[in-house]
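Visitor: Dropping a structure here in structure tokens format, bear with me for questions.
The values are calculated or read from the model by the stated rules, or taken from the named source; none is laboratory data. None of these values were measured; they are calculated from a predicted model. Neighbour counts are summed over all protein chains in view; Cβ atoms, including those assigned to glycine, are modelled from backbone coordinates with ideal geometry.
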Amino acid sequence: MFSLGVRIFAALLGAAVAMTLGAWAVARGDDQPAQEQKAPGAQAGDGAKDEKKKIDEFAEAARLVPGPAGQAECVWLGRRVVSLLWRDDLDTAFRHLDLYDRFNCPAPRIQETFRCVVRQGTIDPKSPESLNSRVHACWINPSLQPATASSAPPPGTAQGTSSQ
């Protein structure tokens, strides 16, 4: 009888330890091993490149966009609002839009940019960088004309049919 109680206690203790270690591993996250595998210098170099790119984009917007829409805070918030609208995250987009208005940024610029992004057609959902670059291009020039597909068949012809 005594050995059965010890066995049950040992089994419960082992299960508790296993569950605790499992919960600890989940809380620690799977990102950490991936970060440890990267070379230490690679992260610093990538971060510097990204930061330089952001600074260049804001400088370009300040140079090409007249008025307050070219100010860094308006560019940053406005591009974020348009991206969130595209991804159908309306609640977050409206919260950002409140901040955009609080900085006295021009509201029509959001509408013009979003119209431009929508007119350009679909965006590859697996590539967030393509959305960011399109939003930036439309922020700089909201009257950007949609790109036409060069491989599109001429009007009046059907694809996939043969003349035989």
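Visitor: Out of (1) charged (D, E, K, R); (2) free of Cβ contacts under 8 Å to residues at least 12 places away in the same chain; (3) surrounded by 14 or more Cβ atoms within 10 Å (Cβ to Cβ), what's the single condition that is false for Asp88?
Guide: Going through the list (1) charged (D, E, K, R); (2) free of Cβ contacts under 8 Å to residues at least 12 places away in the same chain; (3) surrounded by 14 or more Cβ atoms within 10 Å (Cβ to Cβ), Asp88 breaks only (3).
Visitor: Looking only at segment 7-48, count every residue that is at pLDDT 75 or above and not hydrophobic (A, V, I, L, M, F, W, C) and tell me the total.
Guide: The total comes to 1.
Visitor: For segment 94-122: of the residues being in contact (Cβ under 8 Å) with a residue 24 or more places away in the chain and among the aromatic types (Phe, Trp, Tyr), which is farthest from Gln71 (Cα to Cα)?
Guide: Applying the filter and picking the extreme gives Phe114.
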